[in-house]
Amino acid sequence: MTINDINKTINLELIGLDGNAFALTGAFSRQARREKWTPEEINTVLDECQSGDYDHLLRTLMNFCGDEIGVDN
């Protein structure tokens, strides 16, 4: 599975969360599990988060947390 195979989002607002990378990815993982994502889908997103710097992590998570804040990619 690649990151492009995942075409869904979770209901999670990143604004207001602890900005620590571990806290953000943990919040994503917990919410994705609650919303019945498969472990493979979650791990694919987390692997992509870890493939770059902190800004890449944030952009990746924002892409899978809906479009509530109007982020430019």
SER51 meets each of (1) modelled with pLDDT under 95; (2) exposed (fewer than 13 other Cβ atoms within 10 Å of the Cβ); (3) part of a loop (DSSP other than H, G, I, E, B) with one exception, condition (1)
I'd like the full set of residues that are open to solvent by less than 40 Å² (accessible area, probe 1.4 Å) and free of Cβ contacts under 8 Å to residues at least 40 places away in the same chain, limited to region 1-15. none
Which one of the conditions (1) outside any helix (DSSP H, G or I); (2) under 10 Å from the mean Cα position of the chain (by Cα); (3) of a type in the set (A, V, I, L, M, F, W, C) does MET1 fail to meet, given that it meets all the rest? (2)
Six or more apart or on different chains, Cβ atoms under 6 Å: show the pairs whose first residue is in region 16-40 and farther than 12 Å from LEU61 by Cα and whose second is loosely packed, with under 14 Cβ neighbours inside 10 Å and modelled with pLDDT under 95. GLU40/MET1
Among the numbered criteria (1) of a type outside the set (A, V, I, L, M); (2) in a loop (DSSP other than H, G, I, E, B); (3) loosely packed, with under 14 Cβ neighbours inside 10 Å, which one does CYS65 miss? (3)
Can you tell me which of (1) assigned to a loop (DSSP other than H, G, I, E, B); (2) open to solvent by less than 40 Å² (accessible area, probe 1.4 Å) is the one LYS36 doesn't meet? (2)
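The values are calculated or read from the model by the stated rules, or taken from the named source; none is laboratory data. This one's a predicted model, so the numbers in the text were calculated from it and none came from an experiment. Every residue, glycine as well, gets a Cβ built from its backbone with ideal geometry; the counts of neighbours run over all protein chains shown. These accessible areas exclude ligands, DNA and RNA; they are computed on the full protein's heavy atoms, side chains included. Shrake-Rupley method; radii C 1.70, N 1.55, O 1.52, S 1.80 Å.
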